[in-house]
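J.: The structure's right below; bear with me while I get my questions together.
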Amino acid sequence: AVILGQDTRETPVAQMARRVGLVFQDPESQFFSATVEDECAFGPENLGVPPQEIAERITWALDLVGMGSYAGRPPTHLSGGQKQRVAIAAVLTLLPEVLILDEPTASLDPLGQQEVVAAIERLARERDMTIVMASHDPEQIAELSDRVAVLHEGHIARVDAPAAVFEDVDLLEAAGLAAPEVTEVARSLGCTRGEALHLVRL
């Protein structure tokens, strides 16, 4: 794969890590520091970022995901949604151009999901970066995305605007994906997704 003009098979991981950040589905699998602050400092320290700048990045990243008051806490003592937000903050301290989120809300309770989605929405508004998110949650994807790619049998079957993808019910069924509820409503009413959204707002 080629990301930002670099072939991932030939580019050293350390070089790619300066431009692409990855947050795993299970945040605990990437935690190893005693405090949230230490966890966020690890990446930029390894890149040789000056200490004062590291401190500024940590403050900024934790504030951005709503975890600013948790800097001294052990990551293991946080809730699932809080852990995921700290994992995102730890990657943000590297100032990546591309942020990849692997099923960021899959194992969270509804409150944790809301916390993480709110952090992603704020990040998309306030930071000029590409966010790539893998998810099986159609409502979440429809809400957060401006482009959607559907993977089917190991290949990209379609890339398009969310509305166009979610109206392709045959493709979604073939790929084993559910459509957002508004798409199902539109299908049952025999109207477009946009018309169904208008009816719901009424």
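J.: Restricting to bridges with both residues inside the chain, how much of the DSSP beta-bridge set is antiparallel, in percent to the nearest 5?
T.: Numbers: 7 of 16 bridges.
Antiparallel bridges: around 45 percent, rounded to the nearest 5.
J.: Here's something else I'd like to know. Which of Arg122, Arg57, Arg85 ends up with the largest GNM mean-square fluctuation for the chain, with Cα atoms connected below 10 Å?
T.: Arg122
J.: For region 126-175, with the dipole built from +1 on Lys and Arg beta-carbon atoms and -1 on Asp and Glu ones, taken about the Cα centre, which of Pro162, Leu144, Val132 lies farthest toward the positive end?
T.: The Cα lying farthest towards the positive end belongs to Val132.
J.: Taking only the Cα atoms of region 76-152, how large is their convex hull per residue, in Å³?
T.: 102
J.: OK, next. Where only protein heavy atoms count, and the probe is 1.4 Å, what is the accessible area per residue for the chain in Å²?
T.: I get 55 Å² per residue for the chain.
J.: Run the dipole for region 1-111 about the Cα centre, Lys and Arg Cβ at +1, Asp and Glu Cβ at -1, nothing else charged, and hand back the magnitude in debye, nearest 20.
T.: 60
J.: Using only the alpha-carbon atoms of region 122-178 as identical scatterers, what base-10 log of I(q)/I(0) does the Debye formula give at q = 0.30 Å⁻¹?
T.: -1.43
J.: Angle, helix 36-46 long axis vs. longest principal axis of the chain, Cα atoms, 0 to 90°, nearest 10?
T.: Between helix and principal axis, roughly 80 degrees.
J.: In whole Å, what are the Cα extents of the chain along the three principal axes, biggest one first?
T.: So the three principal-axis extents are 59, 40, 26 Å.
J.: In addition: Taking the Cα centre of the chain as origin and charging only Cβ (+1 Lys, Arg; -1 Asp, Glu), how large is the dipole, in debye to the nearest 20?
T.: 340
J.: Let me ask something else about it. With a 1.4 Å probe and all protein chains left in place, how much of the accessible area of the chain comes from carbon and sulfur atoms, in whole percent?
T.: Carbon plus sulfur share of accessible area: 52 percent.
J.: Label points 7 Å out from Cα along the Cβ direction at Glu53 and Ala134: separation in nm?
T.: Once both label points are built, they end up 3.1 nm from each other.
The values are calculated or read from the model by the stated rules, or taken from the named source; none is laboratory data. Computed from a predicted model, the values in this text were never measured in an experiment. With ideal geometry, Cβ positions are generated from the backbone for all residues, glycine too; neighbour counts draw on all protein chains shown. Note: areas computed on protein heavy atoms with side chains; ligands, DNA, RNA excluded. Shrake-Rupley method; radii C 1.70, N 1.55, O 1.52, S 1.80 Å.
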